[in-house]
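Report on one structure; see the data block that follows.
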Amino acid sequence: MSPALRVGSYNLWVAHWPATPTYDRVPLVRAALDAVDVLGTQEGTRAHLDALTDGTGFAAVGRSRDGGSTGEHSAVLCRTARVEVLEHGDFWCSPTPDVPSTGWDATTYRRICTWVRLRDRADGARVVVLNAHLDHEGARARVESAHLLLTRAAAVAAGDPVVVTGDLNAEPGSEPLRVLHAGGLRDARALTATPPTGPVTTFTDLSDLGRPGERRRIDHVLVGPDVGVEGYAVLDARPGGRYPSDHDPVVTALRLPLPG
């Protein structure tokens with residue numbers, strides 16, 4: 001049996017790249033790549049993505065939320081030795097999802113979802129991964145975006161299993177998560193066959209940077225009904241007390257149905 005496919009979500013933190021005033025973040029963030037084969041990222045600029053793909057064996061898929069290559073992305077990073085990209089695309093979390101746009105009560109930032117259809121080179125299994133960063137201000141936008149995610153997932157899946165990764169700016173039990181669960185997407189943390197490891201929360205307080213704040217579980221890996229979950233972890237390494245990002249990465253070990 002081939003090893004489980006390791007799929008994660010990581011908000012890279014657009015600020016202070018490549019370094020904070022006191023330390024270099026690049027090697028700290030790159031360390032998370034050792035734990036994944038596919039990584040949905042948020043807030044990555046071209047500089048982030050170049051640093052994470054240069055010599056690492058990963059390729060980045062996805063446009064920026066402005067519709068090109070500049071600005072923030074919700075890019076999916078793929079370990080090319082493990083997975084083959086068959087198809088990919090992007091849509092905006094708005095009533096006009098096929099053009100760069102804001103939507104509903106989200107007025108500060110455009111929000112984009114990047115999706116990719118992958119084939120596991122180990123056993124031929126296929127999966128569609130949708131990676132999103134939902135709005136941090138607009139409550140209606142988060143709910144409407146959840147409905148849009150379900151609609152687009154159904155449209156692009158074409159019978160393949162679905163995984164959704166992302167900083168959803170929504171905690172378990174919130175309305176956006178209820179919408180996604182009602183649509184058949186399940187919380188990988190609740191399903192894992194082995195006990196979850198790491199903290200429950202994913203949003204850090206960056207206490208060493210003097211920015212105390214809330215700790216919440218807003219970063220998620222959600223799976224369709226035909227995807228098994230063998231492991232779940234939140235990686236909270238703090239080398240020398242240094243925070244790689246203002247979010248911790250979520251990493252799962254997934255079992256996909258075999259083709260045919």
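The values are calculated or read from the model by the stated rules, or taken from the named source; none is laboratory data. None of these values were measured; they are calculated from a predicted model. Neighbour counts are summed over all protein chains in view; Cβ atoms, including those assigned to glycine, are modelled from backbone coordinates with ideal geometry. Just so you know, the surface numbers come from the protein's heavy atoms only, side chains and all, with ligands and any DNA or RNA stripped out. Shrake-Rupley method; radii C 1.70, N 1.55, O 1.52, S 1.80 Å.
Scan the stretch 159-191 for residues that are part of a strand (DSSP E or B) and either among the charged types (D, E, K, R) or free of Cβ contacts under 8 Å to residues at least 12 places away in the same chain (or both) and the total you get is 3. Per the listing Arg178, Arg215, the residue uniquely of a type in the set (Lys, Arg), at pLDDT below 95 and more than 24 Å from Leu5 (Cα to Cα) is Arg215. Just so you know, in the stretch 153-174 the residues that are of a type in the set (D, E, K, R) and under 16 Å from the mean Cα position of the chain (by Cα) include one that is least open to solvent (accessible area, probe 1.4 Å), and it is Asp167.
Only residues that are among the acidic types (Asp, Glu) and in contact (Cβ under 8 Å) with a residue 24 or more places away in the chain: list them for the stretch 29-63, please. If you could, list the steps in order and put the result at the bottom.
We begin by selecting, within the stretch 29-63, every residue among the acidic types (Asp, Glu); these are 34, 37, 43, 50, 54.
Answer for the stretch 29-63, where residues must be among the acidic types (Asp, Glu) and in contact (Cβ under 8 Å) with a residue 24 or more places away in the chain: Asp37, Glu43.
Conditions tested, residue by residue: (1) among the aliphatic types (A, V, I, L, M); (2) touching a Ser or Thr at 6+ places or on another chain (Cβ under 7 Å).
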site	(1), (2)
Ala122	yes, yes
Val129	yes, yes
Val143	yes, no
His147	no, no
Arg152	no, no
Gly159	no, no
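In the stretch 197-205, is there at least one residue being more than 30 Å from Pro21 (Cβ to Cβ) and surrounded by fewer than 16 Cβ atoms within 10 Å (Cβ to Cβ)?
Step one: list which residues in the stretch 197-205 are more than 30 Å from Pro21 (Cβ to Cβ), which gives 197.
If we keep only those that are surrounded by fewer than 16 Cβ atoms within 10 Å (Cβ to Cβ) too, we end up with 197.
Taking every residue of the stretch 197-205 in turn, at least one turns out to be more than 30 Å from Pro21 (Cβ to Cβ) and surrounded by fewer than 16 Cβ atoms within 10 Å (Cβ to Cβ).
State which residue is surrounded by the fewest Cβ atoms within 10 Å (Cβ to Cβ) when the search covers only the stretch 235-252 and only residues that are out of contact with any Ser or Thr (no Cβ under 6 Å at 6 or more places or on another chain) and in a strand (DSSP E or B). Checking each candidate, the answer is Val251.
Candidates Thr114, Thr80, Thr102, Thr53: the one that is closer than 25 Å to Val156 by Cβ and under 15 Å from the mean Cα position of the chain (by Cα) is Thr114. Of everything in the stretch 1-38 that's assigned to a strand (DSSP E or B) and farther than 21 Å from Asp219 by Cα, which residue is most open to solvent (accessible area, probe 1.4 Å)? Per the criteria, the residue is Asp24.
Restricting to the stretch 116-152, name every residue that is in contact with a Phe, Trp or Tyr (Cβ under 8 Å, 6 or more places away or on another chain) and in a strand (DSSP E or B). Val128, Val129, Leu130, Asn131, listed by residue number.
In the stretch 96-111, the condition of being of a type outside the set (S, T, N, Q) and under 24 Å from Gly228 (Cβ atoms) is met by no residue.
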